[in-house]
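The next block holds one structure in the form of C-alpha cells; read it before the comments.
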Amino acid sequence: MYRVLAIAATALALTSYASADAIPEGDGAHFFSLQNTSLVFGPQFDDESGSVITLAMQLPGDSSTLDQTIIFPNFGQGMPGPLVTNDLCISSAGVEVGSATDALRFVDCVEPLTDPAQTWTVQDGPRPFISNGEGNCVTLFPENAVIGGPVTLAACQGELLGQQQWNPEVVQLPP
C-alpha cells in the first residue's frame, strides 16, 4: 500500500513539474521564482538617473507589449543567446559570482549578439535553470525572494539548485 502511495505521489510531483512551458524562439516569458511563486524577475532602476538597471524580483506585469517583466530568450529555450527586454540585455559583466547582493545588470545589447557576458541558456526541463558559458547560474538567494530582492549569479551546483530554478510561463502578447 505504501509503495502504491509513493508511486502515486511521485507521478503527481512529476506532473506538476511538467507545467512549465518551453519557450520557442521569438516568444517571451515571465520567469517565476520557485521560492516566492507570485514574483518574477525583471528590470529595476537603482538610481535616480536611471543609469543603473539591475535584475530584481517584482510582481509580473500585465503581459502587454509594455510589460518589462517579459524576458525574451533571443533564440528560444535550450539555445545560447541573450535574455532581452525592451532592447536591454541581462549582463554578468562586473558581477561578483556568489554574492547575495551584487545583482545582474541590464545593459545595451551588444551587436552581434556574441558577448559572453550577455550569453545565457535557459536549460530545457520542467524547472529550468539559466546558465552562462562559465558554469554560473542566475540565482535567487532565499533572503532576496521579496519584491526588490536582487537576482544574482552563483556557480551552478546541487546545493543551490532550488535557488537557481525558475518556472517560465510563456506570455502571449496581444496582436
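Some values worked out for this structure:
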read-out	value
Elements of type strands (runs of 3 or more DSSP E) in region 27-101, at least 1 residues being among the aliphatic types (A, V, I, L, M) and touching a His at 6+ places or on another chain (Cβ under 7 Å)	40-45
Of residues in region 149-175 being open to solvent by 30 Å² or more (accessible area, probe 1.4 Å) and part of a loop (DSSP other than H, G, I, E, B), the one nearest to residue 104 (Cα to Cα)	156
Residue in region 120-138 that is modelled with pLDDT of 95 or more, open to solvent by less than 50 Å² (accessible area, probe 1.4 Å) and in contact with an Asp or Glu (Cβ under 9 Å, 6 or more places away or on another chain) present	no
Test set (1) of a type outside the set (D, E, K, R); (2) touching a residue at least 60 places away in the same chain (Cβ under 8 Å); (3) touching a helix residue (DSSP H, G or I) at 6+ places or on another chain (Cβ under 6 Å) - residue 133 fails condition number	(2)
Only one of 146, 138 that is under 17 Å from residue 69 (Cα atoms) and assigned to a strand (DSSP E or B)	138
Of residues in region 102-119 being charged (D, E, K, R) and not in a loop (DSSP other than H, G, I, E, B), the one most open to solvent (accessible area, probe 1.4 Å)	108
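The values are calculated or read from the model by the stated rules, or taken from the named source; none is laboratory data. Note that this is a predicted model, so its numbers are computed, not measured. Heads up, the Cβs are rebuilt from the backbone with ideal geometry, glycines too, and the neighbour counts pull from every protein chain shown. Surface accessibility is based on the protein's heavy atoms, side chains included, excluding ligands, DNA and RNA. Shrake-Rupley method; radii C 1.70, N 1.55, O 1.52, S 1.80 Å.
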